[in-house]
Structure formats: C-alpha cells, structure tokens
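**Q** Before I ask anything, let me first share the structure, which is written out below as structure tokens.
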Amino acid sequence: MVTVEEVRSFALTLPGTTEAIVRGELKLRAGRVAYVSFSSNEALMRFAFPKEWRDALVDSEPDRYVAPDECERRYNRALVRLGAIDATEMRELILDAWALVVPKRIVEAYSENGASGEEETR
C-alpha cells in the first residue's frame, strides 16, 4: 500500500513540482497545473491522465481505478485507490502525470539526465 507521504516524497523530486493545500486537499503542481491531488480521506489519488483513455483504464482494472464523478469528467484526470498500488506503480503514474503537464524540454532533460531530477539550464 502506498501512502500520501510516499507520493509526495517522490513527486517533489521532479523538476518544477510544488505542493499546495487547496480547499483542504494536498495538490502537487507543476507551475499552476495540479497533476496529483488526494481525496480528503487520502484513499484516492487523482492524477493527470488523458480523458480519451480514462474509460479504458477504469474498465481494465476497476478494483484499482475509479471513474471520476460527473463534475470532474471534463478534466484530464483519473483516480486510483492508493491501497491498490505499490511503490513502482505509483512512481510510474506520477512520472506520467507530471510529463503531461510540464514542457517537453523539461521531460527530455529529466530523461537525458538519467531521471536525476536536474533541470536543463538553458
């Protein structure tokens, strides 16, 4: 089982990530865009994910992934039960979510530097 603290610790190693509390919920952001947030009971994690693929994701593993409520369906995000994933899966979800919201040059620099977290200095 993955904890919010584990997610937070990993996400804060990614270039440009900051954290904020918005309406009582922890959000991890790149710039002004939140790419991860948590339900108030910390059982679910919202993460950036293409909405075109969301239904297929939820249908493929309904015990792990949850469809967002009607209000959230317009956003590029999906939800996962933190208790249903391990640390490796969490890192993959966070890295993919982060890569969706940061400039491609930052993702490329991160990849080229062996995922060391060092930003390109141009």
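The values are calculated or read from the model by the stated rules, or taken from the named source; none is laboratory data. The shown structure was predicted, so the numbers you read here are calculated from the model rather than taken from an experiment. Reconstructed Cβ throughout: ideal geometry from the backbone, glycine too, with neighbour counts over all protein chains shown.
**Q** Only one of Glu92, Glu72 is more than 16 Å from Glu6 (Cα to Cα) and among the charged types (D, E, K, R); which?
**A** Values: Glu92 fails: more than 16 Å from Glu6 (Cα to Cα).
Exactly one residue qualifies, and that residue is Glu72.
**Q** I need a count of the residues in region 65-102 that are closer than 15 Å to Arg29 by Cα, among the aliphatic types (A, V, I, L, M) and free of Cβ contacts under 8 Å to residues at least 60 places away in the same chain.
**A** Result for region 65-102: 2.
Quick grid of which residues meet (1) acidic (Asp, Glu); (2) surrounded by 13 or more Cβ atoms within 10 Å (Cβ to Cβ); (3) modelled with pLDDT under 95:
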site	(1), (2), (3)
Glu6	yes, yes, no
Thr17	no, yes, no
Val22	no, no, yes
Arg64	no, yes, no
Ile85	no, yes, no
Asp96	yes, yes, no
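**Q** Exactly one condition in (1) touching a residue at least 12 places away in the same chain (Cβ under 8 Å); (2) outside any helix (DSSP H, G or I) is not met by Lys27; state its number.
**A** It fails just one condition, (1).
**Q** Checking Pro15 against (1) within 15 Å of Leu93 (Cβ to Cβ); (2) not in a helix (DSSP H, G or I), which single condition isn't satisfied?
**A** For Pro15, the exception is condition (1).
**Q** Determine whether Leu57 is aliphatic (A, V, I, L, M), modelled with pLDDT of 95 or more and either surrounded by fewer than 18 Cβ atoms within 10 Å (Cβ to Cβ) or not in a strand (DSSP E or B) (or both). So that I can check it myself, show each step before the final result.
**A** Numbers: aliphatic (A, V, I, L, M): yes; modelled with pLDDT of 95 or more: yes; either surrounded by fewer than 18 Cβ atoms within 10 Å (Cβ to Cβ) or not in a strand (DSSP E or B) (or both): yes.
Yes.
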